[in-house]
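See structure below.
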Amino acid sequence: MENEFELIANQLYEKGWCITDHFISDDFRKELLQEQQDILSHGQFRLAGVGKGDNFKVKTEIRSDKVFWMDHTSLTLLQTKYWELMSALSRAVNQRCFLGLRSFEAHFAMYPPGSFYLRHLDQFQNVKYRVVTVILYLNDEWTEKDGGALRMYLPMEEGEEKLDVYPKGGRLVVFLSGEIPHEVLTTNKERISITGWFRDIEY
Ligand SMILES: O=C(O)CCC(=O)C(=O)O
Ligand SMILES: [Fe+2]
């Protein structure tokens, strides 16, 4: 029998993306959400940027979320638990897909009401070390009227197909960072997640 990580790795291999509901327990989700709220209330979230190195810029006309980067050299207990889950996933993906994943980076993200992130690819133009994107949603509840869908543009033999994914708590979205363009549609409600990237470089 395949375990949860192998199931995700298989789908990633076959079609380049995968959506898993209830990836974490509801208790763990609530703990992560609480940690995120604590960091927020200490004012440690910053406006997110686009680009890397000399190309880094805050551009609120492109993305208006706020982020808090985890520091892999000093993770909290909860962050360690999250990191270990992701390590298990990267091992399964490496075994199945031979992507040579070697390190991981992740940030908490908060989209205030009215915010969005326009269509983009997660690989930077100048550095392409992000190979697989993993997004874990932490929201208590979510319905269509809350907006804020992740819109994925799935490459088809001809053209592309849109897929709207709502940020339901406990849901994990995994996709190839260089292959699947995506955007976050305007959210009507505070939208909370952790986004991570498996990379093919060392720390
Ligand atoms: O939160 C999401 O659904 C997607 C976020 C995203 O595309 C990113 O941070 O690069
Ligand atoms: Fe993205």
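The values are calculated or read from the model by the stated rules, or taken from the named source; none is laboratory data. No experiment lies behind these values; they were computed from the predicted model shown. Neighbour counts are summed over all protein chains in view; Cβ atoms, including those assigned to glycine, are modelled from backbone coordinates with ideal geometry. Ligands, DNA and RNA are excluded from the accessible area calculation, which covers all protein heavy atoms including side chains. Shrake-Rupley method; radii C 1.70, N 1.55, O 1.52, S 1.80 Å.
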Heavy atoms of PHE104: accessible area, 1.4 Å probe, square angstrom to 10: 10
Debye, to nearest 20: dipole size of region 94-203, +1 on Lys, Arg Cβ, -1 on Asp, Glu Cβ: 260
With every protein chain in place, region 4-199: carbon and sulfur % of accessible area (1.4 Å): 49
Kirkwood hydrodynamic radius over Cα pairs of the chain, then Stokes diffusion coefficient at 10 °C and 1.306 mPa s, in µm²/s: 92
Under 20 Å from the Cα of LYS81 - lysines, other chains or at least 8 residues apart: LYS30
All Cα pairs of region 147-203, percent lying beyond 19 Å: 38
Dipole of the chain [Lys/Arg +1, Asp/Glu -1 at C-beta], most positive-end residue of LEU75, LEU136, ALA92: LEU75
Magnitude of the charge dipole, region 1-61, Cβ model with Lys/Arg +1 and Asp/Glu -1, debye to 20: 540
Structure-based [θ]222 nm, the chain - -39500 (n - 2.57) summed over DSSP H runs of at least 4, per residue, nearest 500: -8000 deg cm²/dmol
Sum of side-chain charges, LEU101 neighbourhood, beta-carbon under 9 Å (Lys, Arg +1; Asp, Glu -1): +2
Burial order of peptide ranges 39-51, 169-181 (average beta-carbon count within 10 Å, highest first): 169-181, 39-51
Rounded to the nearest 10 Å², the accessible area of LEU7 at probe 1.4 Å: 80
Environment charge of VAL58, counting only residues whose C-beta is closer than 13 Å and scoring Lys/Arg +1, Asp/Glu -1: +3
Sequence of LYS57, LYS66 from largest to smallest accessible area, 1.4 Å probe: LYS57, LYS66
Residues of type lysines that LYS59 reaches as a straight line, Cα spacing below 24 Å, ignoring anything fewer than 8 places off in the same chain: LYS128, LYS189
Region 54-154, dipole about Cα centre (Lys/Arg Cβ +1, Asp/Glu Cβ -1), debye to the nearest 20: 420
Label-point separation in nm, GLU160 to HIS42, each point 7 Å along Cα→Cβ: 3.8
Net charge of neighbours whose Cβ lies under 15 Å from the Cβ of GLU31, counting Lys and Arg as +1 and Asp and Glu as -1: -3
Approximate spin-label separation SER87-GLU14, in nm, with each point projected 7 Å along Cα-to-Cβ: 3.0
Segment SER74-THR60, length gained on full extension (0.36 nm per residue, minus Cα span): 2.1 nm
